[in-house]
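Student: This structure is in structure tokens; I'll ask about it shortly.
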Amino acid sequence: MAKRYICLVCRNEIAHPNAECPYCKARSVIAEGASPRILGMVFGVMAAVFAVTGFYAKSFKAERSTRGQHHFGVAQELLAEGNHANAIKEYRNALSYAKEEPDYRLGLARALFEDERYAETENHLVDLRSQDPTSGILNYLLAQLAAREGRLDEAVSYYRTAIHGRWEGDTEGRRLNLRLELVDLLETPGRDEQLAAELIALAEIMPDDRGIQHKLGALMLRTQLFDRASSLFQTLLEADPRDHEALLGRGEAEFQLGNYITARTQYNRAKLVQDDDATNERIALCNRIIELDPTRRGIGLRERFRRSRVLIERARAATLKCQNPSGDAFVGPLVALPAGLASALENADQALAGRPGRATDETVEANTLTAEELWNQASPLCEASGPPDPPLVHVMAKLSR
Amino acid sequence: MNTIREILGKLSTMGKSGPVLDEPQRFLLLSIIIGIFSGLVVVCFHISIELLNWITIHSLAPGAKYLTPLWPALGGVAAYLLVFFVVPTARGTGVNYTKTAVYASDGYIPFRSVLGKFATSTLSIGTGNPMGPEDPALQMGAGIASLLGRIFHLTRDHMRLIAPIGAAAGIGAAFNTPIAAVLFVMEEVMSAWNAGVLGSIVLSSVSAVVVSRWFLGDEVLYQVPEIEVGDYSELLLYAAIGAVGGWLSALFCRYSIMLRGRILKLRERRRLWLPAVAGLAVGIVGTYAPETLGAGYQVIDGALHDRFAWNLLLVLGLLKLLSTALCFGCGTPGGLFAPTLFVGAMLGGGLAGLAQLVWPLSTSSVAAYVLVGIGVFFAGVFRAPMTSVFMVFELSASYVVILPVMIANTIAILVSRRMEHDSVFQMAAYQDGLDLPSIEDRRETPALNVEDAMQRTRDLVVSDRISVAEALKTIESSDADALLVEVRYGQWRWVGKRELERAKDNGDEHNSLHKTMKMWPVVRTYPDLPLDQALRKLAIYPALPVTSRVNPSFLLGTLTLADVHRAYGITRQEPKAEASGVGSSSAPGAPQG
């Protein structure tokens, strides 16, 4: 910035500071600009101030860091002791020295969570998560928070992010634990689909713990993953053939899959381990189903034919019972039967009328179809009044499969 | 060494092929230098306050907490004694000091005041007094700029502009919000939107913030959580916060200034111990509510994260309000910026908590209300609407909350202004015997334009074919000193009354103007131009044709000095003697404005 001389009156530049202004004849002159020497001096001072400030700032940061770590250490100890209120205080002190230190903030969030101050906890966690969205621990804490506050959808979402998030140390172990926690969370009614998805994922990394395996098997039964439940219980039985719970579980899984003989076998084994009424009832039901099932292997054509007719009779009886649950013979149907049901009943009557024909594969097939058709038509009626004949229901279910 | 000298020389001198840097560029370069220096000083200031704070209020020594009530008192009195005996120029608010420098002392701010402000504010804020470092930083920036301006021998005009440039750098570095700093300086220090200096202010502010972040890190003052604004019915709540905040800010201004006025009436020696009394009160309050000590940025951060219950927020806000008013009134060094934000945050958060209990519809997170509260109280106290909005925007880095902030701030300003006409700085300035301009006063005094003064007739416009006698008759029937003569469509010249009279005396009475008279060229003016610009032209031309900007040949009217007088309501005196020449001529008795 070269030094220039400016007339204070007319603002024109003048050659010399003592000269009269050639434009307005004034003598009021001011110097403007600076010599290179002044500019150099200013830059020199700037460099010096920069250096001093740098030293000052470095010392300050070091002291700040020391103080922050001191408070953080105290806070960690207090948190471990369960002294949440003082731990929070110390975490805050630590944060006052290093606001953006994620460990301090995470520690504070944990302490706040333990102290059940959820609103503030969430604010801190959300802040931290915005900086590190894939952090496993942050998503896990947010999931726990959401679960405690009853926001299940959010909790599930955070759990899933945490499962696939970044962890330090035993990543697989942590993920397994998270999946188990998530399964626990999803045990609430109405979330069977989500639960089933998690169980399938868990089946791939099944933990060794038999207790957990029993629990997961039961949940698989609940979510209708019968195949997986059966194989899980089978695995358990290979290790301990007298595992009563596993025997019952496998029996139930096979029963639901329509393998009534296998189911009966499992129930009988369970009975040998521990005899109880429920198991006996289950065995009896299996027996009745097996005796009614016309598709069972190993029975002759005549027996199949007989069973197919019994099937029609029981389907007809069940239909009539469903139509008139009170069983009052004098009260006729108040509502006209649907056309399909009437026709199915008529077909059933015709099949049962007169002497039974010859037992052939075709007649067995025809009877079975008649029974199935009648049952299909009657099912809506029976849904209201409850299943009138449990073995029939199971056989029909098996036939439809 | 020679190379460096050469570079500096090239930077500063004019080479054979002309200057390397022209005047505006050199001014911009100086703005950056100011920004860097201010940033460095503010970094040191910030660190010094923190260090003192650690030594006193946040000491790790056992038993140190029992000394808490004493530290603000000791700090306050030490700072005040320093002001009283060593650096009296460090007294008062930085905004008013800088403003005075701009409007009354050609941008001169003694460097001693920078050192004084540094020391006294460090002592005061570092020991826990509830004041903020932004206002002192503003004054320090302005002082540094003034010193550099003097070193570089700037002209008076540039010296006047240099102080606000430094002020923006100081406040930008202290608060880490470059845009808000620029706007604050425009609204509060310059009290005008000066486009000419805007670039320099932005440059200095940004370079100061860069320096500050370089040394102190990118940490923002507050970690603002994610904000979602809920139902639009909530705008009613925000409006209510605006009204309450405006009312409270006006009360704060009124009573703190009243207290200050009473204390100023005491003898100066008696005032010496008042900061100690105020500090002791602050310290006692701080023992039970340590959140009220110091600038309180961390407490605002806590409020943003829903740390406090709504009733505690309101109590903290009230305590801070009272302690700040007490310290401000007693003259404890420090600024009002940070405490204002604190009170606003507590107010917003507290009312949000209350609203969540009673409001039937969904409400946003507390953080949104805290931010709105910050903007509201700031707007109410300082009457800087643009700064208050952009500050919240810079703090939150989110547009989500801008609409509520704008609504609430506008209401706050309206309510506050209704109760107290002036901002806290203006009131303090009046109390100190200063009459400084404010942006509100300027807004209330609209500038006149040419269209407000011009004559929308062709009474002063004649053809060059008319005779001298007719022209004289026309001019005598008006209060003008000259006529505009249309020589061709869209081209006018002027002729003076004296020349016409001379032509008449010479016997050219019946000759036409174009044959007889020498007529002078004239420049056009436009209706939308400020009257000030037209006046500059009227200094050269006695009458101006006012034409359309779309069709400059189309005459809309005329403008003379008499019209301007009329517009400003100036009564022209009857000439005492026969005047001669244009401008001082025999204007007939001017009509009243």
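The values are calculated or read from the model by the stated rules, or taken from the named source; none is laboratory data. The model shown is predicted, which means the values in this text are computed figures rather than measured ones. Cβ placement follows ideal geometry from the backbone for every residue including glycine, while neighbour counts extend to all protein chains displayed.
Student: I'd like to check something: does region B:296-307 contain any residue that is away from chain A (no Cβ under 14 Å) and in contact with a helix residue (DSSP H, G or I) (Cβ under 6 Å, 6 or more places away or on another chain)?
Tutor: Kept after step one, since they are away from chain A (no Cβ under 14 Å), are these residues of region B:296-307: none.
So far as region B:296-307 goes, no, none of its residues is away from chain A (no Cβ under 14 Å) and in contact with a helix residue (DSSP H, G or I) (Cβ under 6 Å, 6 or more places away or on another chain).
Student: Answer yes or no: is there a residue in region B:239-253 that is away from chain A (no Cβ under 14 Å), within 31 Å of the chain's Cα centre (by Cα), of a type outside the set (S, T, N, Q) and closer than 26 Å to B:LYS117 by Cα.
Tutor: First pass over region B:239-253, keeping only residues away from chain A (no Cβ under 14 Å): B:239-253.
Subset that is within 31 Å of the chain's Cα centre (by Cα): B:239-253.
Those still in the list that are of a type outside the set (S, T, N, Q) too: B:239-248, B:250-253.
Now narrow it down to the ones that are closer than 26 Å to B:LYS117 by Cα: B:252-253.
Yes - at least one qualifying residue is present in region B:239-253.
Student: Quick one: B:HIS514 ticks every box in (1) within 15 Å of B:VAL462 (Cβ to Cβ); (2) of a type outside the set (S, T, N, Q); (3) surrounded by 16 or more Cβ atoms within 10 Å (Cβ to Cβ); (4) in contact with a Lys or Arg (Cβ under 8 Å, 6 or more places away or on another chain) except a single one, so which number is it?
Tutor: Among (1) within 15 Å of B:VAL462 (Cβ to Cβ); (2) of a type outside the set (S, T, N, Q); (3) surrounded by 16 or more Cβ atoms within 10 Å (Cβ to Cβ); (4) in contact with a Lys or Arg (Cβ under 8 Å, 6 or more places away or on another chain), B:HIS514 violates only (3).
Student: Let me ask something else. When you go through (1) within 28 Å of B:LEU52 (Cα to Cα); (2) within 14 Å of chain A (Cβ to nearest Cβ); (3) of a type outside the set (Lys, Arg); (4) within 16 Å of the chain's Cα centre (by Cα) one by one for B:ALA173, which number turns out not to apply?
Tutor: Just one mismatch for B:ALA173, condition (4).
Student: Just checking, does region B:162-171 include any residue being buried (at least 24 other Cβ atoms within 10 Å of the Cβ), on the phi > 0 side of the Ramachandran plot and in contact (Cβ under 8 Å) with a residue 24 or more places away in the chain?
Tutor: Checked region B:162-171: no residue is buried (at least 24 other Cβ atoms within 10 Å of the Cβ), on the phi > 0 side of the Ramachandran plot and in contact (Cβ under 8 Å) with a residue 24 or more places away in the chain.
Student: Would it be correct to say that B:LEU51 is over 18 Å from B:GLY132 (Cβ atoms) and not polar (S, T, N, Q)?
Tutor: Answer is no for this residue.
Student: Filter region A:181-200 for residues that are aliphatic (A, V, I, L, M), closer than 23 Å to A:ARG129 by Cβ and assigned to a helix (DSSP H, G or I) and give the result.
Tutor: The answer is A:LEU182, A:LEU185.
Student: Step by step: first the residues of region B:471-495, then only those that are in contact with a helix residue (DSSP H, G or I) (Cβ under 9 Å, 6 or more places away or on another chain) and of a type outside the set (A, V, I, L, M, F, W, C), then the one that is nearest to B:ILE570 (Cα to Cα). Which residue is that? Step through it out loud before you land on a result.
Tutor: Restricting attention to region B:471-495, the residues satisfying the condition of being in contact with a helix residue (DSSP H, G or I) (Cβ under 9 Å, 6 or more places away or on another chain) are B:471-472, B:475-476, B:478-483, B:485, B:487, B:495.
Pick out the ones that are also of a type outside the set (A, V, I, L, M, F, W, C) and you get B:476, B:478-479, B:481.
Numbers: B:GLU476: 21, B:SER478: 17, B:ASP479: 14, B:ASP481: 17 Å.
Only one residue fits best here, namely B:ASP479.
Student: So is A:ASN86 within 25 Å of B:ILE55 (Cβ to Cβ), more than 9 Å from chain B (Cβ to nearest Cβ) and either more than 32 Å from the chain's Cα centre (by Cα) or not hydroxyl-bearing (Ser, Thr, Tyr) (or both) or not? Walk me through how you get there before you give the answer.
Tutor: Numbers: within 25 Å of B:ILE55 (Cβ to Cβ): yes; more than 9 Å from chain B (Cβ to nearest Cβ): yes; either more than 32 Å from the chain's Cα centre (by Cα) or not hydroxyl-bearing (Ser, Thr, Tyr) (or both): yes.
Judged against the criteria, A:ASN86 is a match.
To keep it simple, each residue is scored yes or no on (1) under 30 Å from B:MET258 (Cβ atoms); (2) within 23 Å of the chain's Cα centre (by Cα); (3) surrounded by fewer than 24 Cβ atoms within 10 Å (Cβ to Cβ).
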{"site": "B:GLY344", "(1), (2), (3)": "yes, yes, no"}
{"site": "B:LEU354", "(1), (2), (3)": "yes, no, yes"}
{"site": "B:ALA397", "(1), (2), (3)": "no, no, yes"}
{"site": "B:VAL401", "(1), (2), (3)": "no, no, no"}
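Student: Take region A:201-228 and flag every residue that is of a type outside the set (Val, Ile, Thr) and part of a loop (DSSP other than H, G, I, E, B).
Tutor: Taking region A:201-228 and keeping what is of a type outside the set (Val, Ile, Thr), we get A:201-204, A:206-211, A:213-222, A:224-228.
Correct list: A:MET206, A:PRO207, A:ASP208, A:ASP209, A:GLN224, A:LEU225.
Student: Let me ask another. Name the single residue, out of those in region B:235-257 being surrounded by fewer than 20 Cβ atoms within 10 Å (Cβ to Cβ) and in contact with a helix residue (DSSP H, G or I) (Cβ under 8 Å, 6 or more places away or on another chain), that is nearest to B:THR68 (Cα to Cα).
Tutor: Applying the first criterion (surrounded by fewer than 20 Cβ atoms within 10 Å (Cβ to Cβ)) to region B:235-257 yields B:235-236, B:239-240, B:243, B:247, B:251, B:254-255.
Checking which are in contact with a helix residue (DSSP H, G or I) (Cβ under 8 Å, 6 or more places away or on another chain) leaves us with B:235, B:239-240, B:243, B:247, B:251, B:254-255.
On the way: B:LEU235: 42, B:ALA239: 39, B:ALA240: 37, B:ALA243: 36, B:TRP247: 33, B:LEU251: 29, B:ARG254: 30, B:TYR255: 27 Å.
Across region B:235-257, the extreme among qualifying residues is B:TYR255.
Student: Any idea which of B:LEU259, B:LEU312, B:LEU316 is within 14 Å of chain A (Cβ to nearest Cβ) and assigned to a helix (DSSP H, G or I)? First the steps, then the outcome.
Tutor: Details: B:LEU259 fails: within 14 Å of chain A (Cβ to nearest Cβ); B:LEU316 fails: within 14 Å of chain A (Cβ to nearest Cβ).
Within the list B:LEU259, B:LEU312, B:LEU316, the selection yields B:LEU312.
Student: On to the next question. If we scan region B:495-517, do we find a residue that is modelled with pLDDT under 90, in a loop (DSSP other than H, G, I, E, B) and in contact with a strand residue (DSSP E or B) (Cβ under 6 Å, 6 or more places away or on another chain)?
Tutor: Yes, that holds for at least one residue.
Student: Go through (1) at pLDDT below 90; (2) in contact with a Gly (Cβ under 9 Å, 6 or more places away or on another chain); (3) buried (at least 22 other Cβ atoms within 10 Å of the Cβ); (4) among the basic types (Lys, Arg) and name the single condition B:ARG91 misses.
Tutor: (3)
Student: Of B:ASP441, B:ASP435, which residue is surrounded by fewer than 19 Cβ atoms within 10 Å (Cβ to Cβ), under 22 Å from the mean Cα position of the chain (by Cα) and in a helix (DSSP H, G or I)?
Tutor: Values: B:ASP435 fails: in a helix (DSSP H, G or I).
Answer to the selection: B:ASP441.
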